[in-house]
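Have a look at the structure below, then the notes.
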Amino acid sequence: MLKWRELYDECLKCDKCELCKNKTNMVFGDGNPRSKLMFIGEAPGADEDRTGIPFVGRAGQLLNKGLLELNLVRERDYYICNICKCRPRNNRTPYEEEAKACIPYLRNQTALIKPKIIVCLGATALKYILGSDFRITRDRGKWIERKGILLTSTFHPSAILRDQSKKASFWKDLKDIKQKYDQIKE
């Protein structure tokens, strides 16, 4: 297992898939690396590629707003990253080979953080974290324990921007996540 600086440097020079060829910035992760709460999305978008920081575009702002309403502050309460560290062109869903190339980096990040709760944001994160038998619409909000870690999923915030009918479910999921987080902090 690599330490933080080594892992970051490995991701920076990674050329295991085609995504590295068109990136502006590698988007490693952000937040509190000692947090017990970890959010995982699919891949950086245009704003994230430009800044090198995950979840700073419209979807990220929506997520941050919801979490701040629940008094969850990125720098203090959670760490956030993606399955893929580089942006797929036109914000497409990462191909399987791209996700599989990045998963070892994500596993290393997870091992360093040692979260008690992992939240999969959207179908892609759910697929690569919990497996392809899971479906975001059917399984979001359910809790599963693996290796002492509580895992759940909710809609990716970009899905909320596209379909407002998912907003109430997303908000309920965030409140449930906050409740679990408060329980593990005690």
Distant-in-sequence amide H partners of residue 153 (H built 1.01 Å from N, under 5 Å): 120, 141, 142
Sparse-neighbour loop sites [chymotrypsin sites (Phe, Trp or Tyr not before Pro); the range 140-186; at most 13 other C-beta within 10 Å; DSSP]: 143
Gyration tensor over alpha-carbon atoms, the range 11-104, equivalent ellipsoid semi-axes in Å: 24, 14, 11
Degrees between helix 58-69 axis and first principal axis of the chain (Cα, 0 to 90, nearest 10): 40 degrees
Counted charge near residue 175, where neighbours are those whose Cβ lies closer than 11 Å (Asp, Glu -1; Lys, Arg +1): -1
Potential extension, residue 147-residue 12 segment - 0.36 nm per residue separation minus Cα distance: 45.7 nm
Dipole-positive endmost among 102, 122, 43 within the chain (Cβ charges, Cα centre): 122
Selection from 7, 148, 31 lying farthest towards where the dipole of the chain points positive, charges on Cβ: 148
Spacing of the two label points (7 Å from each Cα toward its C-beta) at residue 5 and residue 24, in nm: 2.9 nm
DSSP bridge pairs, the chain: antiparallel proportion in percent, nearest 5: 30 percent
The chain, helix-only ellipticity at 222 nm - DSSP H runs n ≥ 4, -39,500 (n - 2.57), divided by all residues, nearest 500: -13500 deg cm²/dmol
Pair residue 76, residue 169: separation of 7 Å Cα→Cβ label points (nm): 3.2 nm
Total charge dipole magnitude, the chain, about the Cα centre, Cβ charges on Lys, Arg, Asp, Glu only, Debye to nearest 20: 280 debye
Euclidean distance between Cα centres, the range 130-186 to the range 102-129, Å: 13 Å
Hz values of 3J(HN,Hα) by residue in the range 12-27 - Karplus curve (6.51, -1.76, 1.60), Gly and Pro given as x: 4, 9, 4, 9, 6, 8, 6, 4, 5, 6, 10, 6, 8, 9, 7, 10
Residues with amide H under 5 Å from that of residue 41, placed H, sequence gap 5 or more: 81, 82, 83, 121
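Readers should treat all values here as calculations from the given coordinates under stated rules, not as data from a laboratory. Just so we're clear, the structure is a prediction, and the values are computed from it rather than from any experiment. Note that each Cβ is placed from the backbone with ideal geometry, even for glycine, and that neighbours are counted across all protein chains shown.
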